Amino acid sequence: MSQENTSANCLNIITTSIEDDAFQKKGHSARILSPEEVERLAKDQVLVSEFKQLKLEKEAQKNWDLFYKRNSTNFFKDRHWTTREFQELKACREFADQKLTILEAGCGVGNCLFPLLEEDLNIFAYACDFSPRAVEYVKKNALYSTERCKVFQCDLTKDDILENIPADSVDVVTLIFVLSAIHPDKMHLVLKNIYKVLKPGKCVLFRDYGLYDHAMLRFKPGSKLGENFYVRQDGTRSYFFTEEFLSQLFKAEGYEQVANEYVQRETVNRKEDLCVPRVFLQGKFQKPFSLTGNETA
């Protein structure tokens with residue numbers, strides 16, 4: 001796969017991945033829907049009632065806690081692709097063995113955290129999650145060590161992250177499949193919060209669900225909360241990002257855009273002769289070296 005720091009040169013280049021039998025391309029064009037898919041989305045315009053939406057927002061933490069109670073640590077696969085897709089995790093060092101401090105915002109049960117710590121011995125990681133149960137799973141992992149990581153429960157939309165991490169102390173923030181679970185009206189609060197601990201000149205690495213991903217098209221009628229925003233049967237929610245929305249979201253909080261593009265994958269199930277279209281949005285957003293008009297000292 002193409003690396004993050006060469007993404008500008010690899011737009012629309014199709015690559016294959018032997019390990020997961022998938023075709024992939026990157027670029028700034030959203031996925032083109034089939035006529036059947038256009039018709040299906042056009043029919044699904046009825047929104048979940050305001051009462052239920054307020055209830056889902058109020059019970060968001062409980063629903064994610066129940067998710068981890070049901071699935072334990074077995075639901076998500078370990079993300080060994082992170083350093084391959086985000087070269088910034090290595091490239092931001094001034095010398096090879098430089099100690100790197102990262103923050104994994106929304107760490108879940110550690111599917112991204114522990115592969116990173118195993119692969120790179122010169123990383124110290126802060127990690128936080130909305131779900132207290134997920135945080136406990138991380139602490140119980142055999143690879144967890146307080147010498148190499150600090151994990152804590154945090155609602156990034158309202159809890160002050162400075163209570164656990166010093167200001168301007170983090171080299172890289174990873175925000176991977178996290179922001180989509182948060183109400184769009186509150187996403188900016190997360191970006192504002194993590195901005196405080198990121199060093200000037202350093203980056204947030206973002207990857208999440210993109211517009212017209214297969215998961216978006218599979219929602220049944222009665223699941224729509226708003227534009228590109230849906231609720232699953234278990235009460236957890238998912239937003240599907242456009243490149244334009246993500247760009248505006250970060251820039252409004254003072255970040256500079258370094259990279260922002262769709263990653264389109266066709267996962268092939270040869271046994272059943274099926275192609276599943278996956279769409280993600282991947283980006284890198286930098287905290288400026290100097291203050292802009294959107295910030296205060």
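The values are calculated or read from the model by the stated rules, or taken from the named source; none is laboratory data. Just so we're clear, the structure is a prediction, and the values are computed from it rather than from any experiment. Don't worry about glycine lacking a Cβ; one is built from the backbone with ideal geometry, like all the others, and counts go over all protein chains shown. For the accessible areas, the whole protein counts, side chains as well, though only heavy atoms, and no ligand, DNA or RNA atoms are used. Shrake-Rupley method; radii C 1.70, N 1.55, O 1.52, S 1.80 Å.
Any residue that is within 12 Å of the chain's Cα centre (by Cα), surrounded by fewer than 22 Cβ atoms within 10 Å (Cβ to Cβ), among the small types (Gly, Ala, Ser) and under 21 Å from Asp129 (Cα atoms) - is there at least one of those in region 232-242?
Looking through region 232-242, at least one residue is within 12 Å of the chain's Cα centre (by Cα), surrounded by fewer than 22 Cβ atoms within 10 Å (Cβ to Cβ), among the small types (Gly, Ala, Ser) and under 21 Å from Asp129 (Cα atoms).
Against the conditions (1) in contact (Cβ under 8 Å) with a residue 60 or more places away in the chain; (2) surrounded by fewer than 16 Cβ atoms within 10 Å (Cβ to Cβ); (3) on the phi > 0 side of the Ramachandran plot, where does Gly106 fall short? Just the number, please.
The one condition Gly106 does not meet is (2).
Does Leu156 satisfy being touching a helix residue (DSSP H, G or I) at 6+ places or on another chain (Cβ under 8 Å), open to solvent by 10 Å² or more (accessible area, probe 1.4 Å), within 13 Å of Cys112 (Cα to Cα) and assigned to a loop (DSSP other than H, G, I, E, B)?
Spelling it out, it is not the case that Leu156 is touching a helix residue (DSSP H, G or I) at 6+ places or on another chain (Cβ under 8 Å), open to solvent by 10 Å² or more (accessible area, probe 1.4 Å), within 13 Å of Cys112 (Cα to Cα) and assigned to a loop (DSSP other than H, G, I, E, B).
Being among the β-branched types (Val, Ile, Thr), open to solvent by less than 70 Å² (accessible area, probe 1.4 Å) and either at pLDDT 90 or above or within 22 Å of Gly210 (Cβ to Cβ) (or both) is the filter here; which residues of region 30-77 pass it?
Val48
Output the residue which, of all residues in region 192-231 that are among the basic types (Lys, Arg) and open to solvent by 50 Å² or more (accessible area, probe 1.4 Å), is nearest to Val38 (Cα to Cα).
Among those that are among the basic types (Lys, Arg) and open to solvent by 50 Å² or more (accessible area, probe 1.4 Å), it is Arg218.
Across region 121-148, which residue is farthest from Lys99 (Cα to Cα) among those that are in contact (Cβ under 8 Å) with a residue 40 or more places away in the chain, open to solvent by less than 60 Å² (accessible area, probe 1.4 Å) and part of a helix (DSSP H, G or I)?
Pro132
It is to be established whether one or more residues within region 4-19 are over 22 Å from Phe177 (Cα atoms), at pLDDT 70 or above and open to solvent by 30 Å² or more (accessible area, probe 1.4 Å).
No: region 4-19 contains no residue that is over 22 Å from Phe177 (Cα atoms), at pLDDT 70 or above and open to solvent by 30 Å² or more (accessible area, probe 1.4 Å).
Going by the conditions given, is Glu118 farther than 18 Å from Ser169 by Cα and in contact (Cβ under 8 Å) with a residue 24 or more places away in the chain?
Yes: the conditions hold for Glu118.
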